[in-house]
């Protein structure tokens with residue numbers, strides 16, 4: 001038997017092992033479930049486009065020093081407002097002669113920085129508040145949900161502006177402000193999931209084994225809420241990017257000369273009629289990344305919450 005036939009046989013055995021309906025262990029079942037989820041996601045062409053956009057964004061951010069054709073902070077007033085496809089400047093230059101492509105590439109790092117920090121803060125806060133409210137019930141539930149309702153009563157950007165005004169302008173304060181406005185939807189989702197789970201036989205059995213409320217919430221309720229939270233996080237990333245760009249546009253997020261996309265749009269709006277590309281290029285970058293997160297979020301919803309996908 002040739003090496004090619006041996007390799008083909010090994011691949012087939014691995015595929016059969018991953019697609020089996022009778023896993024031999026918990027680890028085997030987890031790996032097989034992940035593989036089935038990947039196949040479902042892979043079959044969704046739009047979701048794969050979204051995944052490609054986000055992987056491309058991450059690679060651009062990682063290799064920014066290698067990809068950027070110039071220093072994003074270097075000013076050259078003699079070459080200010082160069083057109084698209086200009087000599088030495090593929091996407092032109094801004095009002096200070098800085099290369100727009102280089103600033104766009106380095107701006108990807110700021111976007112990922114904001115998205116990552118908000119995704120690490122807001123869902124955890126919302127998950128904790130929602131599960132505690134749903135599991136405890138009574139006055140604890142009432143107080144926590146009324147606080148959540150207060151935050152939901154204000155538009156996210158307006159509330160973020162209020163927090164940034166109190167904390168001061170800057171990218172770190174912008175992250176805190178966006179996180180403080182982004183957690184309430186996660187709390188509502190976690191509470192709904194907890195209300196469904198807390199009366200199940202599974203939780204009753206855990207209680208009989210002596211588990212306390214904190215252990216039940218962290219070890220047994222949180223994992224069951226993660227699918228809905230992950231989908232919500234992915235779909236919320238577009239709103240987080242727009243909120244960060246809005247703060248940057250208003251001068252309350254990343255500060256000059258930082259190559260943040262919202263701040264680039266704000267700087268380019270002064271020349272929108274005659275030099276439209278200065279503001280349009282970073283605007284298209286925000287649109288593309290937001291679209292990528294939305295497409296991937298829809299695909300993950302089909303994978304992680306097939307019930308909702310079927311209803312849709």
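Bear in mind these aren't lab numbers, they're just calculated from the coordinates by the rules spelled out. What you are looking at is a predicted structure, and each value in this text was computed from that prediction instead of being measured. No Cβ is skipped: glycine too gets one built from the backbone with ideal geometry, and neighbour counts run over all protein chains shown.
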**Study point:** Relative frequency of Cα-Cα separations exceeding 28 Å in the chain, percent
**Key:** 53 percent
Check your understanding: What order do you get for 204-217, 134-147 when each peptide is scored by the mean count of other beta carbon atoms within 10 Å, highest first?
Key -> 134-147, 204-217
Practice item. Over the chain, calculate the relative contact order: mean separation of alpha carbon pairs under 8 Å at least 6 apart, over the residue count, as a percent. Key: 22 percent
Review point. Taking 0.36 nm per residue of separation and subtracting the Cα-Cα distance, what length does fully extending residue 167 through residue 120 add?
Key: 14.9 nm
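What Kirkwood radius, in Å to one decimal, follows from the Cα pairs of region 148-297? Could you put the intermediate results ahead of the total?
On the way: mean 1/r = 0.0564 Å⁻¹.
Over region 148-297, the inverse of the mean reciprocal pair distance is 17.7 Å.
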Exercise for review: Can you figure out the FRET efficiency of residue 214 with residue 30, using R₀ = 25 Å and their beta-carbon distance, to the nearest 0.05?
Suggested key: 0.50
Review point. Rg to Rh ratio, region 78-187, alpha-carbon atoms and Kirkwood radius?
Key: 1.23
**Study point:** Efficiency of FRET between residue 224 and residue 150 - r from beta-carbon atoms, R0 22 angstrom, step 0.05
**Key:** 0.20
Study note, to complete from the structure: Between the Cα axis of helix 45-62 and the main Cα principal axis of the chain, the angle (0 to 90°, nearest 10) is 60 degrees
Revision key, fill the gap. Check: C-alpha center region 29-101 vs C-alpha center region 238-298, spacing in Å is 14 Å
Point to revise | Estimated FRET transfer efficiency (residue 90, residue 58; beta-carbon r; R0 22 Å; 0.05) | key: 0.55
Point to revise | With Cα atoms, 0 to 90° folded angle of helix 222-249 axis to the chain main axis | key: 10 degrees
Study note, to complete from the structure: The helix 277-304 Cα axis meets the longest alpha-carbon principal axis of the chain at an angle in degrees, between 0 and 90 and rounded to 10, of 10 degrees
